[in-house]
Amino acid sequence: MRIAVVGATGQVGAPAAEALERAGHEVVRVSRSAGVDIETGAGLAEALAGVDAVIDASNTPAQDEAEVVAFFGSATRNLLAAEQQAGVGHHVLLSIVGIDKDQDVPHYAGKREQERLVTAGPVPWSVVRATQFHELAARVASWSEADGVARIAPLLVQPVHPAEVGQVLAEVAAGAPLNALLDVAGPQTEDFVDMARRTYAARGQEITLVPTWQGAFDTSMAGEVLLPGPDARIMTGTFEDWLASGAQ
């Protein structure tokens, strides 16, 4: 199959593209560096010529909710329109477990808009929702770090390795459209504060962590809202494995 990967240089897109190639598929890497801009649509028609399926693992560094929603909305509309014109038979979207709980997180608002457009769109689809990645806890803590102190929300998560998510995306893209949501998660539930503490320790950094809902995430993220559903595909890589591999 000829499969396009949007965001093929990213944390999940790169391993997805590699998994497809290992399985013998022809991969079209869609990125700005390859002359394609999904936000404007420039170069999309040429990139998707002869493509059987598209994996959308795109992302944006924007933090403002309006900007995030606008990016994902424009990019998704452009992708779906170009796919319909090119006769693409399967759109696979990378999303996030639990985002339908209306959490007050700008990035989640953008992903909800993506899911809305894809599931109501003209191209047969699959949505692969992944749980948080192993490195996220320390990254979130770093956003508020000052003078050796960082704030972090006491989330309950079931982290997964991005390479394993990429493998699932590749497998789904090579199959028939699910026209459904698939949760993908790691094997163990973890405490977000403890994850950050252990990550910093593995990296040899001394940081004092302050658990709080007064930071990047509020109580709309509390409880089990970020945990996968009962039919989730459970992967094998643990948080301990990731720490042992260097926590990078």
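Any read-out appearing in this document is the output of simple, stated calculations on the displayed coordinates, not a laboratory observation. Fair warning: this is a prediction, and the values are worked out from it, not measured in the lab. Because the Cβ atoms are built from the backbone with ideal geometry, glycine has one as well, and the counts that use them run over all protein chains shown.
With no solvent and one point on each alpha carbon, what is the Debye value of log10 I(q)/I(0) for the range 67-126 at q = 0.29 Å⁻¹?
For the requested q values the scattering log ratios are -1.22.
If amide hydrogens are placed 1.01 Å from N in the peptide plane, which non-local residues have theirs closer than 5 Å to the one on V160?
For V160, the qualifying residues are Q132, F133, H134, G186.
Between A120 and V210, how many nm apart are label points set 7 Å from Cα along the C-beta direction?
If labels sit at A120 and V210, their model points lie 4.2 nm apart.
Order the peptides 113-119, 12-18 from the highest to the lowest mean number of other Cβ atoms within 10 Å of their residues. Each step should come with its number before you reach the end.
Working: 113-119: 18.6, 12-18: 23.9.
Highest to lowest by the protection proxy: 12-18, 113-119.
If you average the sequence gap of Cα pairs under 8 Å that are 6 or more apart and divide by the length of the chain, what percent do you get for the contact order?
20
With a 10 Å radius around each residue's Cβ, average the other Cβ atoms per peptide and rank 188-198, 231-241, highest first.
Top of the packing list down: 188-198, 231-241.
Taking every eigenvalue of the Cα gyration tensor of the range 25-144, multiplying by 5 and rooting it, what semi-axes result, largest first, whole Å?
Values for the range 25-144, descending: 26, 15, 14 Å.
Calculate log10 I(q)/I(0) of the range 10-66 for q = 0.14, 0.28, 0.31 Å⁻¹, where I(q) comes from the Debye formula with a single equal point scatterer on each Cα and nothing for solvent.
Ignoring solvent entirely, the Cα scatterers give -0.44, -1.30, -1.39.
Taking Cα centroids, how far is the range 83-149 from the range 15-53 in Å?
After rounding, the separation between the Cα centres reads 19 Å.
How large is ³J(HN,Hα) for each residue in the range 104-115, as worked out from phi by the Karplus curve 6.51 cos²θ - 1.76 cosθ + 1.60 (θ = phi - 60°), to whole Hz, x for Gly and Pro?
Whole-Hz 3J(HN,Hα) from phi for the range 104-115: 8, 10, x, 5, 5, 4, x, 5, 4, 5, 4, 4.
What three numbers, in Å, describe the spread of the alpha carbons of the range 146-248 along their principal axes, ordered from the longest?
52, 32, 20
Evaluate E = 1/(1 + (r/R0)^6) for T40 and L227, where r is the Cβ-Cβ distance and R0 equals 41 Å; express this FRET efficiency to the nearest 0.05. Before the final figure, lay out each step's value.
Details: r = 37 Å, r/R0 = 0.90.
Efficiency, rounded to the nearest 0.05: 0.65.
Give the dimensionless ratio obtained when the Cα radius of gyration of the range 185-224 is divided by 2.2 N^0.38 Å.
Values: Rg = 12.0 Å, N = 40, 2.2 N^0.38 = 8.9 Å.
After normalising by residue count via 2.2 N^0.38 Å, the value is 1.34.
Can you tell me the dipole magnitude for the chain around its Cα centre, using point charges on the Cβ only (Lys, Arg +1; Asp, Glu -1), in Debye to the nearest 20?
260
Based solely on C-alpha atoms, express the radius of gyration and the Dmax of the range 2-244 in angstrom.
Rg then Dmax for the range 2-244, in Å: 18.1, 55.
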